[in-house]
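Engineer: Sharing a structure below in structure tokens format, with a few things to ask.
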Amino acid sequence: EAAQKNGYDTYMLKEINEQPHVINETLRGRLDGHTVTLPKLDGIDFSTFNKVYFVACGTAYHACLCGANILEKATKLPVMTQVASEFRYNDPIIDEHTLCIFVSQSGETADTLAALRLANKKGCTTIAIANVLGSTISRDAKYTLYTAAGPEIAVASTKAYTTQLVLLTLLAFYIAERLNKPIDTKALDQLKDLPMYVENIIKDEDIFASYAELLRNQHDCYFIGRSLDYASVLEGALKLKEVSYVHADAYIAGELKHGPIALIEPGTVVIAVATQPNVAAKTISNIQETIARGADVILFTTDDQDAEGIKNKYNLPHVDPLLTSVLVAIPLQLIAYHTAKIKGADVDKPRNLAKSVTVE
Ligand code: G6P
């Protein structure tokens, strides 16, 4: 087993470190200059769809929330996202004009498979995003695209998640091109550079380990963000809960004043993500409200945001706002990892959780 961990003390840390490589593998062959190439989907007439549904469970659901945000902005198609166990029982309004995208690392999650079968029955065009070759989802979906994360052993998903984000971004740009929507060529160039950015962020592991120290004696932690950053913090909170057992909640920053602010007291840790230029200043002003109540804040943003008085501020590289979820995933994974280590938790096999949930 030690050999399989390749010198790392856990699979989770190994898999976090594999991300530059597997993101590169997921991009490989799919970008030709400024054109996204997904030949398996070339037969689809995207102009026939009037809406897009994203469906998944767990971390893959969070990837869907990001993917939906990106696809809606890139294609201007109305987009819905739902957890598979809700979708299948909610009598969704879907038909042959609905494109349904199902995301599953294992390709075996029972609720996701049942949701996919329902969409097939209702005549939708179904695309699966899977990581395991030949998995059930790839046989049941009309079309399948694979992430190239390789085997993911740690129960808490890391590299599968970021490769899903990358593939969903490619898919969004691909559909936008097919619908003759304007494509941001700079964003496509930066997509190619993501492995390099991710590698540089991983080098700052010690900084994220020092942030985890703030959680040493905490039972709770609050994550806030807006827009795409809200999807990112949902995943950050899930990661922390899964591996460290610190109770973590993610809130839309603008909702803080409608309840969660009541929970902030001196020493409460608030992790904020503010990467979206149109709302970053708003999130930072929400952070100031938590600081006024004594919170210890960790902020992920860019260096052009004025964040006076925030000691634990990490500046992410400047990339197109649609690409930031991949970058911010790395520190949030490493904070969860180091908090779990500090607390002595079994990082790779959290209690009560399974890698693949094949029962309902
Ligand atoms: C389980 C795993 C999660 C995963 C979820 C969905 O809960 O512990 O890490 O995100 O299932 O799995 P899937 O294989 O469908 O992506």
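Engineer: If you average the C-alpha positions of the stretch 268-302 and of the stretch 1-19 separately, how far apart do those two centres end up, in angstrom?
Structural biologist: 32 Å
Engineer: Rounded to the nearest 10 degrees, what's the angle between the helix 110-121 long axis and the longest principal axis of the chain, both from Cα atoms, 0 to 90?
Structural biologist: Orientation of helix 110-121: about 30 degrees from the principal axis.
Engineer: Just how far, in whole angstrom, is the stretch 123-175 from the stretch 50-100 if you go by their alpha carbon centroids?
Structural biologist: 14 Å
Engineer: I want to make sure I understand the PRE zone here: with the label point 7 angstrom from the Cα of residue 189 toward its beta carbon, which residues in the stretch 20-42 have backbone N atoms less than 12 Å away?
Structural biologist: Answer for this model: 34.
Engineer: Moving on. Among 108, 152, 1, 213, which comes first, second and so on when ranked by fewest other beta-carbon atoms within 10 Å? Mind showing how you got there, number by number?
Structural biologist: On the way: 108 17, 152 24, 1 6, 213 11.
With the fewest neighbours first, 108, 152, 1, 213 line up as 1, 213, 108, 152.
Engineer: For the chain, what number results from the quotient of the Cα radius of gyration and 2.2 N^0.38 Å?
Structural biologist: Values: Rg = 19.6 Å, N = 360, 2.2 N^0.38 = 20.6 Å.
Against the empirical 2.2 N^0.38 Å value, I get 0.95 for the chain.
Engineer: What distance in nm separates the two pseudo spin-label positions at residue 97 and residue 9, each 7 Å out from Cα along the beta-carbon direction?
Structural biologist: Calculated label separation equals 5.7 nm.
Engineer: Report the net charge of residues surrounding residue 160, where surrounding means a beta-carbon distance below 15 angstrom and charges are Lys +1, Arg +1, Asp -1, Glu -1.
Structural biologist: -4
Engineer: If R₀ is 35 angstrom, what is the calculated FRET efficiency for the pair residue 72 and residue 351, using the beta carbon separation as r and rounding to 0.05?
Structural biologist: Numbers: r = 37 Å, r/R0 = 1.06.
With R0 = 35 Å, the Cβ-Cβ based efficiency is 0.40.
Engineer: How far is helix 185-202 tilted off the main Cα axis of the chain, in degrees rounded to 10, range 0 to 90?
Structural biologist: 40 degrees
Engineer: What is the sum of charges around residue 145, taking Lys and Arg as +1, Asp and Glu as -1, for the other residues whose C-beta is under 10 Å from the C-beta of residue 145? Could you put the intermediate results ahead of the total?
Structural biologist: Values: positive: 30, 40; negative: none.
Value of the local net charge: +2.
Engineer: On to the next question. Rounded to the nearest 0.05, what FRET efficiency do residue 51 and residue 89 give with R0 = 30 Å and r taken as the Cβ-Cβ distance? Could you check? Mind showing how you got there, number by number?
Structural biologist: Numbers: r = 20 Å, r/R0 = 0.65.
It comes out at approximately 0.95.
Engineer: Want the number for residue 220 to residue 114: 0.36 nm per residue separation, take away the alpha-carbon distance, what's left? Display every interim value, and only then the final one.
Structural biologist: Numbers: separation 106, 0.36 × 106 = 38.16 nm, distance 3.43 nm.
Here the answer is 34.7 nm.
Engineer: Can you tell me the relative contact order of the stretch 275-360? Whole percent, Cα pairs under 8 Å, sequence separation 6 or more. List each step's numbers first, then the result.
Structural biologist: Working: 49 pairs, mean separation 17.4, N = 86.
Relative contact order for the stretch 275-360 comes out at 20 percent.
Engineer: While we're on this one: Kindly provide the helix-only [θ] at 222 nm of the chain, computed as the sum of -39,500 (n - 2.57) over DSSP H runs of four or more divided by all residues, to the nearest 500 deg cm²/dmol? Before the final figure, lay out the partial values.
Structural biologist: Numbers: 12 runs with 151 residues, N = 360.
After summing the helix terms and dividing by the residues of the chain, the value is -13000 deg cm²/dmol.
Engineer: So between residue 180 and residue 40, what do we pick up on full extension, going 0.36 nm a residue minus the alpha carbon distance?
Structural biologist: On the way: separation 140, 0.36 × 140 = 50.40 nm, distance 1.89 nm.
Contour length minus the Cα-Cα distance gives 48.5 nm.
Engineer: Same structure again: Taking the highest mean first, how do the peptides 254-263, 235-244, 22-31 order by number of other beta carbon atoms within 10 angstrom per residue? Don't skip to the end; give the middle numbers.
Structural biologist: On the way: 254-263: 14.1, 235-244: 25.4, 22-31: 18.9.
Packing proxy ranking, top to bottom: 235-244, 22-31, 254-263.
Engineer: Hey, can you rank 73-85, 268-280 by average C-beta count inside 10 Å, highest first? Mind dumping the intermediate values first?
Structural biologist: Details: 73-85: 18.8, 268-280: 22.8.
Ranked from most to least packed, the peptides come out as 268-280, 73-85.
Engineer: Using 0.36 nm per residue, how much length does the chain from residue 213 to residue 133 gain when fully extended, once their Cα-Cα distance is taken away?
Structural biologist: Numbers: separation 80, 0.36 × 80 = 28.80 nm, distance 3.91 nm.
Between residue 213 and residue 133, full extension yields 24.9 nm more.
Engineer: For an R0 of 41 angstrom, estimate the FRET efficiency from the Cβ-Cβ distance between residue 304 and residue 1 and round to the nearest 0.05.
Structural biologist: Working: r = 45 Å, r/R0 = 1.11.
Efficiency for this residue pair is about 0.35.
A short reminder: the numbers here are calculations on the coordinates, not readings from a lab. Model, not experiment: these values are computed from the prediction. Here Cβ is always computed from backbone atoms with ideal geometry, including for glycine, and neighbour counts include all displayed protein chains.
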